[in-house]
Amino acid sequence: MSVISIEDIENSANKTLYCKFNEEIDEINSAGPIHADLEFQSLGDFIEVKGHVNGVLKLECDLCLKEFEYNLDFDIDETYAKNALMESYGQETELKDGQFITDLNGEDKIDIYDLLYQSVILNIPNKKVCGINCNGDKFLKEENLSDPRLDVFKNIQIDKG
(Lines give C-alpha, C1' and ligand atoms only; values in the text may rest on other atoms or scores of the structure.)
Protein backbone atom coordinates (compact mmCIF):
# COMPACT_ATOMS: atom_id res chain seq x y z
CA MET A 1 0.00 0.00 0.00
CA SER A 2 1.72 3.19 -1.12
CA VAL A 3 -1.07 5.67 -0.43
CA ILE A 4 -3.24 6.28 2.62
CA SER A 5 -6.70 7.71 2.12
CA ILE A 6 -7.70 10.61 4.38
CA GLU A 7 -11.19 9.09 4.49
CA ASP A 8 -9.77 5.78 5.78
CA ILE A 9 -7.99 7.65 8.58
CA GLU A 10 -11.16 9.56 9.50
CA ASN A 11 -13.25 6.36 9.56
CA SER A 12 -10.79 4.27 11.60
CA ALA A 13 -10.99 3.70 15.35
CA ASN A 14 -9.76 6.80 17.25
CA LYS A 15 -9.13 8.36 13.82
CA THR A 16 -5.80 6.53 13.81
CA LEU A 17 -4.51 4.20 11.10
CA TYR A 18 -1.38 2.05 11.30
CA CYS A 19 0.69 1.08 8.29
CA LYS A 20 3.79 -1.03 7.65
CA PHE A 21 6.04 -0.33 4.67
CA ASN A 22 8.63 -2.87 3.53
CA GLU A 23 9.78 -2.06 -0.01
CA GLU A 24 12.74 -0.75 -1.94
CA ILE A 25 12.47 2.88 -2.96
CA ASP A 26 13.44 3.79 -6.52
CA GLU A 27 16.24 6.35 -6.88
CA ILE A 28 17.66 5.27 -3.50
CA ASN A 29 20.52 2.79 -3.59
CA SER A 30 19.72 0.42 -0.76
CA ALA A 31 20.95 -3.04 0.26
CA GLY A 32 17.38 -4.24 0.63
CA PRO A 33 13.95 -2.89 1.49
CA ILE A 34 13.30 0.17 3.62
CA HIS A 35 11.20 -0.74 6.67
CA ALA A 36 8.75 1.70 8.24
CA ASP A 37 6.09 1.43 10.94
CA LEU A 38 3.82 4.46 10.60
CA GLU A 39 0.85 5.85 12.51
CA PHE A 40 -1.52 8.28 10.77
CA GLN A 41 -3.80 10.28 13.08
CA SER A 42 -6.42 12.85 12.21
CA LEU A 43 -6.26 15.97 14.39
CA GLY A 44 -9.10 18.01 12.94
CA ASP A 45 -7.58 20.12 10.17
CA PHE A 46 -4.30 18.23 10.32
CA ILE A 47 -3.00 14.70 9.82
CA GLU A 48 -0.05 13.74 11.98
CA VAL A 49 2.31 10.98 10.84
CA LYS A 50 4.64 9.39 13.36
CA GLY A 51 6.77 6.32 13.05
CA HIS A 52 10.14 4.68 12.75
CA VAL A 53 12.20 3.97 9.62
CA ASN A 54 15.22 1.73 9.16
CA GLY A 55 17.17 0.03 6.41
CA VAL A 56 20.63 -0.18 4.89
CA LEU A 57 21.79 2.23 2.19
CA LYS A 58 24.72 1.84 -0.16
CA LEU A 59 26.65 5.10 -0.16
CA GLU A 60 29.91 6.22 -1.75
CA CYS A 61 32.58 7.47 0.65
CA ASP A 62 33.45 11.13 0.06
CA LEU A 63 37.10 10.43 0.91
CA CYS A 64 38.06 7.15 -0.76
CA LEU A 65 35.17 6.77 -3.23
CA LYS A 66 34.54 3.16 -2.15
CA GLU A 67 30.96 1.97 -1.66
CA PHE A 68 29.95 1.23 1.91
CA GLU A 69 26.79 0.29 3.78
CA TYR A 70 25.12 2.90 5.99
CA ASN A 71 22.58 1.86 8.62
CA LEU A 72 19.56 4.11 8.37
CA ASP A 73 17.57 4.42 11.62
CA PHE A 74 15.37 7.43 12.40
CA ASP A 75 11.93 8.55 13.57
CA ILE A 76 9.35 10.38 11.47
CA ASP A 77 7.16 13.15 12.86
CA GLU A 78 5.35 14.94 10.02
CA THR A 79 2.21 17.03 9.90
CA TYR A 80 -0.06 17.47 6.89
CA ALA A 81 -2.65 20.23 6.51
CA LYS A 82 -5.86 18.94 4.93
CA ASN A 83 -6.77 22.31 3.42
CA ALA A 84 -4.69 25.10 1.94
CA LEU A 85 -2.42 26.66 4.56
CA MET A 86 -3.42 30.13 3.42
CA GLU A 87 -6.95 29.58 4.72
CA SER A 88 -7.53 30.44 8.36
CA TYR A 89 -7.80 27.48 10.71
CA GLY A 90 -10.18 27.35 13.63
CA GLN A 91 -7.50 25.90 15.88
CA GLU A 92 -3.88 26.72 16.53
CA THR A 93 -1.11 24.19 16.23
CA GLU A 94 2.30 24.25 17.82
CA LEU A 95 5.29 23.39 15.67
CA LYS A 96 8.15 21.56 17.31
CA ASP A 97 11.78 22.32 16.50
CA GLY A 98 12.56 21.14 12.97
CA GLN A 99 8.94 20.25 12.20
CA PHE A 100 7.25 21.33 8.98
CA ILE A 101 3.67 21.24 7.77
CA THR A 102 3.04 19.84 4.31
CA ASP A 103 0.03 21.31 2.55
CA LEU A 104 -2.18 18.65 0.93
CA ASN A 105 -4.09 21.35 -0.98
CA GLY A 106 -7.32 19.40 -0.69
CA GLU A 107 -5.80 16.06 -1.80
CA ASP A 108 -7.66 13.07 -0.38
CA LYS A 109 -4.63 10.83 0.17
CA ILE A 110 -1.05 10.82 1.46
CA ASP A 111 1.66 9.22 -0.67
CA ILE A 112 3.70 7.02 1.71
CA TYR A 113 6.31 6.32 -0.96
CA ASP A 114 6.98 10.06 -1.43
CA LEU A 115 6.98 10.70 2.34
CA LEU A 116 9.59 7.98 2.90
CA TYR A 117 11.69 9.00 -0.11
CA GLN A 118 11.97 12.56 1.16
CA SER A 119 12.58 11.45 4.75
CA VAL A 120 15.36 9.03 3.75
CA ILE A 121 17.07 11.64 1.55
CA LEU A 122 16.97 14.18 4.40
CA ASN A 123 18.52 11.63 6.79
CA ILE A 124 21.56 10.80 4.64
CA PRO A 125 24.60 12.42 6.27
CA ASN A 126 26.11 15.46 4.54
CA LYS A 127 29.60 14.01 4.83
CA LYS A 128 29.55 10.36 3.81
CA VAL A 129 32.62 8.58 5.23
CA CYS A 130 33.02 4.80 5.25
CA GLY A 131 34.69 4.75 8.66
CA ILE A 132 36.80 6.68 11.15
CA ASN A 133 39.96 5.06 9.82
CA CYS A 134 39.32 5.95 6.19
CA ASN A 135 42.48 7.21 4.55
CA GLY A 136 41.01 8.48 1.30
CA ASP A 137 44.15 10.25 0.12
CA LYS A 138 46.18 7.02 0.41
CA PHE A 139 43.55 5.09 -1.55
CA LEU A 140 43.48 7.63 -4.34
CA LYS A 141 47.29 7.51 -4.67
CA GLU A 142 47.41 3.69 -4.53
CA GLU A 143 44.76 3.34 -7.19
CA ASN A 144 46.52 6.04 -9.22
CA LEU A 145 43.23 7.79 -9.74
CA SER A 146 43.70 11.16 -11.30
CA ASP A 147 41.71 13.49 -13.43
CA PRO A 148 43.57 14.23 -16.68
CA ARG A 149 41.91 17.65 -16.79
CA LEU A 150 44.00 18.63 -13.75
CA ASP A 151 47.36 17.68 -15.33
CA VAL A 152 47.84 21.30 -16.41
CA PHE A 153 48.31 22.25 -12.72
CA LYS A 154 51.16 19.77 -12.10
CA ASN A 155 53.85 22.03 -13.58
CA ILE A 156 52.73 25.36 -12.14
CA GLN A 157 55.54 27.23 -10.37
CA ILE A 158 54.60 29.76 -7.75
CA ASP A 159 56.90 32.73 -7.24
CA LYS A 160 57.22 33.16 -3.48
CA GLY A 161 59.22 36.39 -3.74
Which of the residues spanning the range 10-35 are surrounded by 14 or more Cβ atoms within 10 Å (Cβ to Cβ) and closer than 13 Å to ILE110 by Cβ? LEU17, CYS19, PHE21
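Just name the residue that is modelled with the highest pLDDT out of those in the range 128-156 that are of a type in the set (A, V, I, L, M) and within 26 Å of the chain's Cα centre (by Cα). Steps first, answer last, please.
Our first condition is that a residue be of a type in the set (A, V, I, L, M); within the range 128-156, this holds for 129, 132, 140, 145, 150, 152, 156.
Narrowing the set further to residues that are within 26 Å of the chain's Cα centre (by Cα) leaves 129, 132.
On the way: VAL129: 91, ILE132: 85.
The selected residue is VAL129.
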Meets criteria (in contact (Cβ under 8 Å) with a residue 24 or more places away in the chain and more than 20 Å from the chain's Cα centre (by Cα)) for LEU63: yes
List pairs: first in the range 12-40 and in contact (Cβ under 8 Å) with a residue 12 or more places away in the chain and at negative phi, second surrounded by fewer than 12 Cβ atoms within 10 Å (Cβ to Cβ) and outside any strand (DSSP E or B), Cβ under 7 Å, 6+ apart or cross-chain? CYS19/MET1
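The values are calculated or read from the model by the stated rules, or taken from the named source; none is laboratory data. Nothing here was measured: the structure is a model prediction, and the numbers come from that model. In this analysis, Cβ positions are derived from the backbone assuming ideal geometry, glycine residues included, and neighbour counts consider all displayed protein chains.
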